[in-house]
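Written out below as structure tokens is the structure these notes cover.
Derivation of every value follows stated rules applied to the coordinates shown; laboratory data play no part. In this text, all values refer to a predicted model and were calculated from it rather than measured experimentally. Neighbour counts are summed over all protein chains in view; Cβ atoms, including those assigned to glycine, are modelled from backbone coordinates with ideal geometry.
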Amino acid sequence: MKRRKLLYIEASVNKEKSRSIALAQYFIRKYKEKYTTAEIDTWDIWNSLLPEIKSYRLEEWDQGPEGAGHSYFDKEAWYHAEKCIHRFMDVDDYLIALPVWNFGIPYRMKHFIDIITQPGHTFSYDLNTKPKGLFLDKSCTVIFFDVSLLSNRYSREQENPQVAHILQWLNFLGFKKINTVFFELDVKDKVTFNARHTSAEGEVDVILRKLK
């Protein structure tokens, strides 16, 4: 029987002070209880090599998907980009711990997305059809954490740029099983803060029970 594998993408820089990471660690503990032989790959994108994109030549897309990714990187950078792509693809389930930064995602997460999202690798297309995602049978859980006092002034999916950005990306890659946990509050309100953390753990439990 194939060993279950979870890729945990750690997009918070705060580490031991991060609430999204704390909740992600709870998810991982419960995931390992559910799948006792599971392998956990933790990808701390703040302390990992992410190759630099040197150029972006749109004309390459007119020539089809073959080798298109190479145009974004020099030879050495593309070697590291492929390693990142293969690491991203070779798992069953995904977990992302993601804080909001200035009404959007941390710049390091955007860099990560730009490396991973490559034609012929994480999605397919030809000159006659729309791009097609390749992650139809995989699940992704995203923990969104926002301590902004403005967080209650917009709807989550439609107006919050952070949420919209990530959900659009996951849908583009073809994910059909997307779970979200929203952790939004004022950190100065300790009573509400602690209660919300417990409530969020309950949401994680529900998500894990649904995983097949």
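Here the calculated FRET efficiency for K30 and D114, from their Cβ-Cβ distance with R0 = 45 Å, stands at 0.90, rounded to the nearest 0.05. Rounded to whole numbers, the Karplus 3J(HN,Hα) couplings from phi for region 6-18 are 10, 9, 9, 9, 9, 9, 9, 8, 7, 6, 5, 9, 7 Hz, using 6.51 cos²θ - 1.76 cosθ + 1.60 with θ = phi - 60°, and x at Gly and Pro.
Full extension of the chain segment joining M89 with E184 gains 31.2 nm, where the gain is 0.36 nm per residue of separation less the Cα-Cα distance.
Residue-normalised convex hull volume from the C-alpha trace of region 1-41: 55 Å³ per residue.
Go through K15/K212; K2/K176; K5/K83 and tell me which ones have a Cα-Cα distance over 25 Å in this structure. Those over the limit are K15/K212. For Y125 and E52, the FRET efficiency from 1/(1 + (r/R0)^6), where r spans their Cβ atoms and R0 equals 25 Å, is about 0.50.
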